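Q: Please find one structure pasted underneath; my questions will follow.
Derivation of every value follows stated rules applied to the coordinates shown; laboratory data play no part. Since this is a predicted model, take the numbers as computed values, not measurements. Every residue, glycine among them, receives a Cβ derived from its backbone with ideal geometry; neighbour counts consider all protein chains shown.
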Amino acid sequence: MGRLQGKTAIVTGGGRGIGAAVALRFAREGALVMIADVDEGQGRATALDIAQKTGVKVIAHRCDVADPVSVVAMVDATRNQLGPANVLVNNAGIAVFREPLEMTPADWTRCMSVDLEGAWHCARAVLTDMLTNRDGAIINIISNHAFTVIKDTFPYPVAKHALLGLTRSLGLQYADRGISVNAISPGYTDTQIAQDDFDRHPDPARARAETEAKQPPGRLCKPEEVAAVAVLLASNEARFMIGENIVIDGGVSIRMYE
Ligand SMILES: NC(=O)c1ccc[n+]([C@@H]2O[C@H](COP(=O)([O-])OP(=O)(O)OC[C@H]3O[C@@H](n4cnc5c(N)ncnc54)[C@H](O)[C@@H]3O)[C@@H](O)[C@H]2O)c1
């Protein structure tokens, strides 16, 4: 029997990258999965692929986590088709990296509305069912930008630091009502968002090699390595973990300097 048998999980941004790896691993562990992605085509294609690979019911719903109305519609669709969610993975996120004074007000709003407020909209929408059933695990995919900072990446770390605050606040708030809220902070992970970053350099292959060399293990994190920890946090085995942030960054954030 899978470790997530009997669970209904929502994975935001599950159409690709870390979210897709989490959705696949959850389905392999027996969970019914809703992929909630703003890219409807990508979400549906990934859901179909995972359903075919695992034989588990995996569906997709177009959802913009920045829009609370869209989020409530997605949570309603989950309840109707898969039953009330008892696992939520707030994974949808965007990288907005600017020099602070060059950042536009629209950049700030876009980053905060997806990377921070999106997680709150989704948590808020699932919490009523979770509290009624006294059964819920909320997992926020943050980043090592939640506690370390790189110049010219503003305001992404502002949103990610705040998401850690959200994790701890909600974790403590509902610890006595059957809910666990925790976070995972991946380091540089090999997904499209990372490749887009390399592609902005004149020599993308060199940019990738240099970034890999900066990681203590000499490589990037694999999305599957994040998914493996998400399974633990989603399972009933981790229910005494509250407000934690598990860092999976190959040790890059514990290094003082070269
Ligand atoms: N890749 C990395 O190096 C890295 C490192 C640390 C943390 N993270 C975090 O992990 C999460 C996933 O990153 P990834 O690398 O897999 O990204 P990705 O860009 O490959 O995938 C993100 C997915 O989220 C979806 N999405 C974007 N905005 C959305 C919205 N408003 N509503 C719903 N869906 C939306 C996209 O369509 C896409 O399918 C993000 O929160 C990111 O900040 C990534």
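Q: Relative to the longest principal Cα axis of the chain, at what angle does helix 223-234 sit, 0 to 90 degrees, rounded to 10?
A: 40 degrees
Q: Hey, what's the per residue convex hull volume over the C-alpha atoms of the stretch 29-144, in cubic angstrom?
A: Enclosed volume per residue, from the Cα hull, is 123 Å³.
Q: Further question: Take peptides 23-35, 222-234, 199-211, 43-55 and line them up by average Cβ neighbours within 10 Å, highest first, as a rough protection proxy. Could the numbers behind the result be given before it?
A: On the way: 23-35: 25.8, 222-234: 20.5, 199-211: 12.1, 43-55: 17.5.
Result, highest mean Cβ count within 10 Å first: 23-35, 222-234, 43-55, 199-211.
Q: Let me ask something else about it. What is the distance in Å between the Cα centroid of the stretch 149-168 and that of the stretch 26-54?
A: Rounded to whole Å, the Cα centres lie 28 Å apart.
Q: Kindly provide log₁₀ I(q)/I(0) values, in the same order as q = 0.11, 0.19 Å⁻¹, from the Debye equation applied to equal alpha-carbon scatterers of the stretch 88-198.
A: The computed values of log10 I(q)/I(0) come out as -0.37, -0.95.
Q: Quick check on the chain: of the DSSP beta bridges with both residues there, what percent are antiparallel, nearest 5%?
A: On the way: 2 of 30 bridges.
Taking every DSSP beta bridge with both residues in the chain, the antiparallel ones total about 5 percent.
Q: With a/c under 1.5 counting as rounded, go ahead and sort the stretch 171-245 into rounded, prolate or oblate using the C-alpha gyration tensor (a ≥ b ≥ c being the square roots of the eigenvalues; past the cut-off, prolate if a/b is larger than b/c, else oblate). Before the final figure, lay out each step's value.
A: On the way: a/c = 3.58, a/b = 3.03, b/c = 1.18.
Cα axes put the stretch 171-245 in the prolate bin.
Q: Now for a separate question. From the backbone phi of the stretch 156-173, what are the Karplus-calculated ³J(HN,Hα) couplings (6.51 cos²θ - 1.76 cosθ + 1.60, θ = phi - 60°) in whole Hz, Gly and Pro given as x?
A: Here the 3J(HN,Hα) series is 3, x, 5, 5, 6, 4, 5, 5, 5, x, 4, 4, 5, 5, 6, x, 5, 4 Hz.
Q: Take every Cα-Cα distance within the chain, group them into 5 Å bins from 0 onward, and report for each bin the whole-number percent of pairs it holds.
A: That works out to 1, 7, 14, 18, 20, 17, 12, 7, 3, 1, 0, in percent per bin.
Q: Can you compute the charge dipole magnitude of the chain about its Cα centre, using +1 on each Lys and Arg Cβ and -1 on each Asp and Glu Cβ, nothing else charged? Give it in debye, rounded to the nearest 20.
A: That gives a dipole near 720 debye.
Q: Also, quick follow-up: Taking the 0 to 90 degree range and rounding to the nearest ten, how far is the long axis of helix 204-214 tilted relative to the main principal axis of the chain, both from C-alpha atoms?
A: Roughly 80 degrees between the two axes.
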